[in-house]
Structures are given as C-alpha cells and as structure tokens.
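Participant: Quick one: this structure, given as structure tokens, is what I'll be asking you about.
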There are 2 protein chains.
Amino acid sequence: MSQRNTGVTSQAVTAEACPVQEVLDRVSGKWSVGILVAAAQGPIRFTELERAVTGISRRMLTLTLRNLERDGLLTRTVYPTVPPRVEYEVTPVARELYETLLRLTDWAERHRTTIHRSRVAYDAEHAAPA
Amino acid sequence: MSQRNTGVTSQAVTAEACPVQEVLDRVSGKWSVGILVAAAQGPIRFTELERAVTGISRRMLTLTLRNLERDGLLTRTVYPTVPPRVEYEVTPVARELYETLLRLTDWAERHRTTIHRSRVAYDAEHAAPA
DNA sequence: CGGCATCCACGAGGATACTG
DNA sequence: CAGTATCCTCGTGGATGCCG
C-alpha cells in the first residue's frame, strides 16, 4: 500500500471475486482497519491515532491516512492553531464499511477456537510424521 | 517447515481491531479469496483451480491451499488413482466466511463509484497544485 | 496430475532524522 | 504537533525445474 501503486496485479481473479478483492485491497495493508476502528469512535488527532494503533510507525500512519482520505473514508481537518492540530474523522461510507467489518469480526470470534484447533491438528499431523 | 508463510502475520493492532485483523490476515494474500470463491461452487481439482484463479502461480496455489486447509477452510481429498487426483472442497466454516465476504462485495459495489470519484478528486487536488 | 524446492525481484513497511 | 524524506530490511510472491 504505497501512494503509487505500481503493482496492480489484481486483475480478474474470478468473475465473482473481483469486488471482494477490491475491498480487500483497500482494507489490506495491516493498518487501515486499525486506523478505521480507532477513528470510528469519533474525531481523532494524529498523535492520538499513533498511540491508539499499537505498533504503527509515523510513516505508515501518514501513508495509510492519506490513502483512506483519498478513498473518501476519512476526512482530514486542519486547525490553523499555533501548535498544529489535525483531526481525522470517518465518513458515512467508512462507517458502513465498519459495520460489515463487524460481521467479519463476528465470524472470526465464532470460529476462532475451531480454526485454532484445526491449525494445531494440521501442524501435529504434518510437522510430526514420526 | 522451511516454507514461507503466505500471509499469516497476525498482530495486536487495537483491542477492537484484533479479530478483524485476524480475519483479514487469513483472507489476505491476494489469492485466498479467489480460491475460496472458485471452490465455493463445489469440489474442484488442483488444475481446475489453477485455471479458475487467473494469474496464480503453481507455487502460490499450493501455498494458499495449504494455509486454507490448515485453517480448516478447505478439505483436501486425494484419490489414489493412476493419474493423481486431488479435490478441494470448502468447509461449512468457509462457506459462512464466504457469506460475510458477500457483504463486503455488496459494500464495494454500492460505493464503487463514490470511492472512484473521491480518488479522482483527491488526485486532482493534490497532484496538480499548479 | 499435483505438487515441492530453489532462486530471485520487488515493494511494503520499520528506523531514523529533519521541518513548518 | 504533524508530518516529510531517506535508507534498508525482509517478506511475498513470480519463474523455473524436478519428482512421485
């Protein structure tokens, strides 16, 4: 997820998969969702985001913020005060996305243990053939 | 286990984001969804998948397949016939995931033009300050 | 047919430092 | 405070070749 997406390898995966892929590409990048979630609570400042999204670097925060803004998922408001103050806020579109993301969360939570068990079983069967 | 992991880089982003991130990580990798969609139609063979998921390499197909199988999203059935025959089939859990993925598709389609316009506007305003 | 192993290219993203 | 710029690492995934 860079400002200049040179590697747009996403082509026609499957007729039905295209739109999904599109969303996934937009939401991917490991930080987008975190930022979206943090901003979903209400207007939030740059530094606040930096602290809210654990582990993100200044660079990636800026980059991801720009992308989200570009896609119309976040609005950027600059207050020309002496200590600069910038606030980010999710748009209605992003809020809708957030809602559907919640479905995914739900799915993840419901099957978390099942998946985990599946992994353990798989690993046991494939890493310890003895 | 000298293989490289396709896209399982789960981390702690934000308390609320964790589960989402977990799903996203599992579904990311650019091929998982395509494979899931192709397999959702019913049992499908390796070569069929290779053709169904446009642009995927043999390597990535195998890798992603393994990950999906490991997570219990796909079942792998080997028929010990003379020309080897392996069939992959989505599990109920994966089918549920597929359903929620459809919500995302819906979101993407509903806001596709909006987002596209937002991008154009953003680019116009930021790349051509004149 | 259905893989796995190897080599390699590229770009996402971390660390660090500087600025308005 | 809110970025921007630069360097560098390393994971992701493409290409190719061999094997059961």
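Participant: Looking at the structure I just gave you, is residue A:94 crowded, with 21+ Cβ neighbours inside 10 Å and under 29 Å from residue B:95 (Cα atoms)?
Facilitator: When the stated conditions are applied, residue A:94 passes them.
Participant: Can you name the number of the only condition in (1) within 16 Å of DNA strand C (Cβ to nearest atom); (2) among the hydrophobic types (A, V, I, L, M, F, W, C); (3) surrounded by 14 or more Cβ atoms within 10 Å (Cβ to Cβ); (4) more than 7 Å from chain A (Cβ to nearest Cβ) that residue B:82 fails?
Facilitator: Evaluating residue B:82 over (1) within 16 Å of DNA strand C (Cβ to nearest atom); (2) among the hydrophobic types (A, V, I, L, M, F, W, C); (3) surrounded by 14 or more Cβ atoms within 10 Å (Cβ to Cβ); (4) more than 7 Å from chain A (Cβ to nearest Cβ) leaves (3) as the failure.
Participant: Here's another thing I want to ask about it. Taking into account only those residues within region B:54-79 that are surrounded by 14 or more Cβ atoms within 10 Å (Cβ to Cβ), near DNA strand D (Cβ under 10 Å from one of its atoms) and free of Cβ contacts under 8 Å to residues at least 60 places away in the same chain, which is farthest from residue A:116 (Cα to Cα)?
Facilitator: B:56
Participant: Between a first residue in region B:28-42 that is among the hydrophobic types (A, V, I, L, M, F, W, C) and a second residue that is within 16 Å of DNA strand C (Cβ to nearest atom) and part of a loop (DSSP other than H, G, I, E, B), which pairs have beta carbons less than 6 Å apart while being 6 or more apart in sequence or on different chains?
Facilitator: Listed by first residue and then by second, the contacts come to B:31/B:56; B:35/B:53; B:38/B:53.
Participant: Among the residues of region A:29-44, is there at least one that is more than 19 Å from residue B:118 (Cα to Cα), crowded, with 18+ Cβ neighbours inside 10 Å, basic (Lys, Arg) and facing chain B (nearest Cβ under 10 Å)?
Facilitator: yes
Each value in this text was obtained by applying a stated rule to the coordinates, not by laboratory testing. Quick caveat: nothing in here was measured; it's all calculated off a predicted structure. Every residue, glycine among them, receives a Cβ derived from its backbone with ideal geometry; neighbour counts consider all protein chains shown.
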